[in-house]
Structure formats: structure tokens, C-alpha cells
């Protein structure tokens, strides 16, 4: 699904990302962990063609992302608040996003009613602009929007952040349910080691922009992660 | 001392703000401009004070001045009502600290009393006090007179703060205020009840018993106490948070959504303009731009056959659109990452912005057709300039906007807010205005002023015909600069 070759990005002389080769097969849920400044967000931005790589290529489904835009039709992403249009109401935002992704209004309604549980009644019908929601609810809106359409790839940067405990669990359920069919490839970063080892088939540790560990799912993923990050 | 520390923090905040530092050149130019304006105001005020009687052809300058003063204060009240606000957010970081509430409130109200308007009033009052009141009524009366009116200004300041804090600032209230003032003006104009002369008369009476002026300081103190009590009771965070009542400001613009992707994008842009503080205040100011025609067309100074009228035509039909188009992409800076990673095509976005820009120009044109009252040639000029604006200005500004990599922060009001504005934004206006003026002047010099108008309109039509090609150019430019723009927009401020 994703192929990364010789990808390099540096800011004023400091290399922040340097990945020789990384492949994510279709249907895999891929976790990314690393301390602050390890390059997680940079990798995601490069992947979404929001940054220009100094060197190397990223391709999604065999499409080189730079210069081609067709990958956008099957990719959903939520990295930060830059992915929200804060002066819209949630319903308006979902309609806008859904229509861009080619959904009919019935499909959008269906999607939203399927998300009711995840929203926990705190998002829809509130007659509030997105900017007036709390951080956690904004996060919910952004994550939900990433699931719209029929994405084959979903990129979430620290999705568990600022979510309340119940919603964290709901999000884990949601991801697990979606990945059962092996139709969606997930790319998720997190600082929460137990969440990430729970939902991901594979966890990669980034340090100073380099892949230092590539752990495939197993009962000991969490233990290895914890021992790696132990101080 | 707490007060001085808070003021020092304030000063640091101003000086260290990236807006200030990055736009130093612009700030200096603007500062110089304001200094100039200020000095001019002082000079005019002094001159008027010296020769009030001659200037207004009146034998009793003081009584006449009092009449003017009524209108001055009324105008100031309205102006303050719209512009003035309490800088309440500033005290947020201090609220949880062990600082006495009353100190914070005093600071807040103190900050709220410092504004440009106070200076304006002083400039207006002081020369007249010195040159007209003093020689007639003596030192004591003059001092009381000055103190009285300065206090009245301060009382207005606090009354407005109180009103604005108590009534939600929504369109309804604004409408009611405007209606009330309009009603008063009408009653006055139709001479049903000339309250202005009654008030002016009482000012005159006050001068005969000057201690009566002490009523105004008393009023100011009362208004201050009123605010103090109000804040003391309700100084909690939510009192200062923007209320979300204005959320329902714009309907869903469903009809626009029905006309496909383009309509959807236009409706989003309209919502952006109306639901963000900064853009909304710009939109509310735009009728003023249309009124500029009164200066250009009604006055003889801008002689009928000078290039100024072309400037006026371009400005009046284009100024509202200019504000929108120059920053068309920067307005969306906050969610640029969303747009870039969505399946939207750049061309769709550009076309939507062009359509909205064009619509704004056409509406401006239609609203300003009454200027035909000043002569049919004005309608011709406006028509030519509208065509020029649609064909040339719209894509020109959008193309220029692709070079903008500073995002616009929309949550702050627009007055005196130069965040995201660079000197280049002013410079780019020069060729856009100069080009049609020079074209017109050339034709006029050759003896065919109407040919000049036709040429201006014709250029607009030619550019309109080339629009497809121009859109492609803008899209290519956006794609080429995509990463630079995205990076720039991610830097808030």
C-alpha cells in the first residue's frame, strides 16, 4: 500500500527524517512511536504531500504522491487542527468533507448515524461552531472526518490525545472493527504504548528520524516497547 | 506595584509579538502616517479654535461650538460603540494568581479607558478652551469646562463598556443602535424636537455657573463604579469568552450548495467571511468604501476630467473585492493542510474565489449606480472600471495572492490589525490603479477621453476572455509553491 524509498528531510542542516526503505502492505495497521522530535509528524506530512522531501519518494498504491493527486480520493487523514475548518458546524464540516469524497447526502447521514456511538452525543445537533468545541470533541470530529468516504488508507497523528477514556476505548474498537475486513490500511502514531500495541499489527520506533525498531505483532510488543522507552 | 508590572507585561507583549517584529517596516510607515494625521488634526483644531467665528460665520462662537459638540459626542458615542472593547483576555493569565480581584478589575478598567478617542477629544477641546473660553470666562470656568467635557467622554467610555458587556454584541443590537440614532437624527432634522440645541443651550447655561460642569466627572465616576460592581460580581472566565450566539448568523446557504462543487466552495468562503471576527468586521466596514464616491464625485476638487475619477471608479467598484482577493488563500491558512490533502482540485478553489470576487464587484457596481446623480459620465466610468476589475483585477490579485505565505489569523478584529499584511500588499495596488489611469490620461491627452473609458472596459473584456488560461497560470503557480505556502501557513503569525 505504501512504499517509502530513501526518504530524507532536513531543516537547516539537521536531518529530521531519514528512512531507507519502509513498506506497509495493504490492510496492515501500522503504528509509529517515538519521543518528541523523532519525526513522526514529519513522516506523516511527507506522506500526505504537505512537505517537500529533500530526497526520496513516497508512493501510495503505486502512485508517486508528488505530482499526482489521485491518492487523495481514498486517503483520510487527521494530523492536527489544521485539518478542521473551525468556523463550520460539525454537520457542515462533515457534509463538505463527505461531498468532496464523493458521498451522497444519504451516505453522509448513514455515516454520521454510524458514528453516533463514537461521538457520544456530544458532537451532532449542538448548533455550535467547531472552534467552540472542547479539544477532545474537536479531535473526535477530525478523526471521524478521516473515516469518511471509503478510505483505503487512514492516517492519524496521536489520535488518542485529549480524548476522554471512554472515547479512547471507542476509538480502539472502531479501528479494530474497521481493520477486520483488511480493506483499510491504518497509519497511527501515539505516545500511549499500550493503545498502540493493542490496535496495531506492527509498531515501528522512530528515533532522530531513523527507524530503529520494527516490531511485528506478538504478545510481547508492549513489553518490548516499554523496555525500549524505559529510563 | 502590581499596576506597573501588568503594564510592563502589556508592553512586552506588544513589543515581542511576532506581528510587530515581522512587520516593523509597515508599522513604521503606518506610525509615521498616523503621526502626520495627528499633527494635521492638531493644526486644524488650533486654526478653527482661533477663527471659529469667521469659519462658521457666527457671532457667538461658544454657543455654536456647543452645538457642534453635541454632534461630536453623539458621533463619538456611536463610533466607540462599534470599535471599543475591553481587553479582557489580557487578564486571563493572572486570574488564578493570588492577586486581589479589585486590583485586576481596576487594571482592566484603566486599560479600557486608554484609547485613541481620548486623545482625539483632547485635541478637539483644548485649543478651543485656550483661545475662546479662557479669554471670556477666566481660568476657573475654563478648567471646569475642560474637565467636564473630558469627563463626559470618559463617562461615555464606561457606559459603552457596560452596555457591551451586558447586551450581547449581535447584529440585532447593532441594528437597534443604528435605528435609534437614525430616529434621533430624523426627529432633529424634521425639527420636531431639536434636542441638540436644547443640550447645547444647557452647556451655555453651565458656563454661567461653571461648577455645574462637575456633574460630568460625577457621571464618569458613577459609570466606573457601575462597571466595577458588575465585574466584581461576574469576573469569571466565561464572562469574557466570546459567546457563540452569533453562530446562527448565516443560514446554511443551502441554495449555494445545490449548484455543485463551486457553490459549495463559495458558500464556505462566505461563511468564513461572516463567521470570523476579523473578516466580519471588514465586511461590515465595506459599505463605507462604497461611500467614498461621495468624496470623489460630489466635490469639485476632483475635477471632472482628471484621472482621479478613474481611480474612484476602480476603487468604488473594486475595493470590497480587493480586500477579499488579496488574502483569498491566506484566509484559509488555518486549514490549508486539510484542503491540500483533500480531493479538492486547486482549479475548483481558484474558480470559486474568482466567482465570488466577480459577484462582489458586480454588487458593488449595482449599489453605486445612484452616483449617476452626479452625472451620466460617472455611470460610464463605473461601468468601464467594473469591466476592468472583473477581467483584470480579479485574476491579477488572485495571482498575486499565490505569493502570500503568511496566514491571516481571523480571531481578532480588523481595526488596526496588520497581522498577515505586508508592505507588498500596498505596493501591488499601485500598478493596478495606475494602469487604467494612465491609459485614460493617454487617450484624454489625444483628445478622446471616452476612448480611454472604452479602452479600459475593453481590456477588462479581453482579460475575461483569457480567463481560462489565467486560471491555469494561477493553479500552476499554487502547485509550484505548494510546500512553501503550506509551511508558511503552518506558522501561526
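The values are calculated or read from the model by the stated rules, or taken from the named source; none is laboratory data. Only a predicted model underlies this, so the values are computations on that prediction, with no experimental measurement involved. Counting neighbours? That spans all protein chains shown, and the Cβs are built from the backbone with ideal geometry, glycine included.
Brief remarks on what is shown
- Helices (runs of 4 or more DSSP H) lying entirely in segment B:373-450 (those with 3 or more residues that are in contact with a helix residue (DSSP H, G or I) (Cβ under 7 Å, 6 or more places away or on another chain), surrounded by fewer than 17 Cβ atoms within 10 Å (Cβ to Cβ) and without any contact (Cβ under 8 Å) to a residue 40 or more places away in the chain): none
- A count restricted to segment B:451-484 and to residues that are free of Cβ contacts under 8 Å to residues at least 40 places away in the same chain and not in a helix (DSSP H, G or I) stands at 1.
- Any hit, segment A:23-35, residues being touching a strand residue (DSSP E or B) at 6+ places or on another chain (Cβ under 9 Å), within 17 Å of residue A:208 (Cβ to Cβ) and not in a strand (DSSP E or B): yes
- Any hit, segment A:41-53, residues being touching a strand residue (DSSP E or B) at 6+ places or on another chain (Cβ under 7 Å), more than 12 Å from chain B (Cβ to nearest Cβ) and crowded, with 24+ Cβ neighbours inside 10 Å: yes
- Filtered by the rule that a residue be part of a helix (DSSP H, G or I) and touching a strand residue (DSSP E or B) at 6+ places or on another chain (Cβ under 7 Å), segment A:162-210 gives A:175, A:179, A:193, A:196, A:197, A:199.
- Selection count, segment A:158-175, where residues are more than 20 Å from residue A:185 (Cα to Cα) and either within 14 Å of chain B (Cβ to nearest Cβ) or out of contact with any helix residue (DSSP H, G or I) (no Cβ under 8 Å at 6 or more places or on another chain) (or both): 2
- The residue of segment A:131-157 that is farthest from residue A:187 (Cα to Cα), among those that are at pLDDT below 90 and within 11 Å of chain B (Cβ to nearest Cβ), is A:132.
- In segment A:1-17, the residues that are touching a strand residue (DSSP E or B) at 6+ places or on another chain (Cβ under 8 Å) and assigned to a strand (DSSP E or B): A:2, A:3, A:4, A:5, A:6, A:7, A:8, A:9, A:10, A:15, A:16, A:17
- When residue B:261 is tested against (1) more than 23 Å from residue B:165 (Cβ to Cβ); (2) at pLDDT below 80, just one condition goes unmet, and that condition is (2).
- Number of positions in segment A:8-24 that are within 23 Å of residue A:193 (Cβ to Cβ) and either surrounded by fewer than 16 Cβ atoms within 10 Å (Cβ to Cβ) or free of Cβ contacts under 8 Å to residues at least 24 places away in the same chain (or both): 0
- The residues on offer are B:349, B:316, and the sole one that is away from chain A (no Cβ under 14 Å) and either in a helix (DSSP H, G or I) or modelled with pLDDT of 90 or more (or both) is B:316.
- Number of residues in segment A:97-110 that are more than 28 Å from residue A:40 (Cα to Cα) and facing chain B (nearest Cβ under 9 Å) equals 2.
- Filter pass, residue A:194 being over 18 Å from residue A:25 (Cα atoms), in contact (Cβ under 8 Å) with a residue 24 or more places away in the chain and crowded, with 20+ Cβ neighbours inside 10 Å: no
- Each residue in segment B:173-197 was checked for being assigned to a helix (DSSP H, G or I) and in contact with a helix residue (DSSP H, G or I) (Cβ under 9 Å, 6 or more places away or on another chain), and 12 of them qualify.
- Going through (1) at pLDDT 90 or above; (2) farther than 17 Å from residue A:149 by Cβ; (3) touching a helix residue (DSSP H, G or I) at 6+ places or on another chain (Cβ under 8 Å) one by one, residue A:87 falls short only on (1).
- Candidates A:113, A:59 - the one that is more than 9 Å from chain B (Cβ to nearest Cβ) and outside any helix (DSSP H, G or I): A:59
- Residue selected from segment A:80-96 under the condition within 7 Å of chain B (Cβ to nearest Cβ) and under 15 Å from residue B:341 (Cα atoms), by the criterion nearest to the chain's Cα centre (by Cα): A:83
- Residue among B:216, B:289, B:296, B:203 that is away from chain A (no Cβ under 14 Å), modelled with pLDDT under 80 and closer than 27 Å to residue B:182 by Cα: B:296
- With respect to (1) under 22 Å from residue A:49 (Cα atoms); (2) surrounded by fewer than 16 Cβ atoms within 10 Å (Cβ to Cβ); (3) without any contact (Cβ under 8 Å) to a residue 12 or more places away in the chain, the lone exception for residue A:82 is condition (2).
- In the set B:344, B:366, B:356, only one residue is touching a helix residue (DSSP H, G or I) at 6+ places or on another chain (Cβ under 8 Å) and in a helix (DSSP H, G or I); that residue is B:356.
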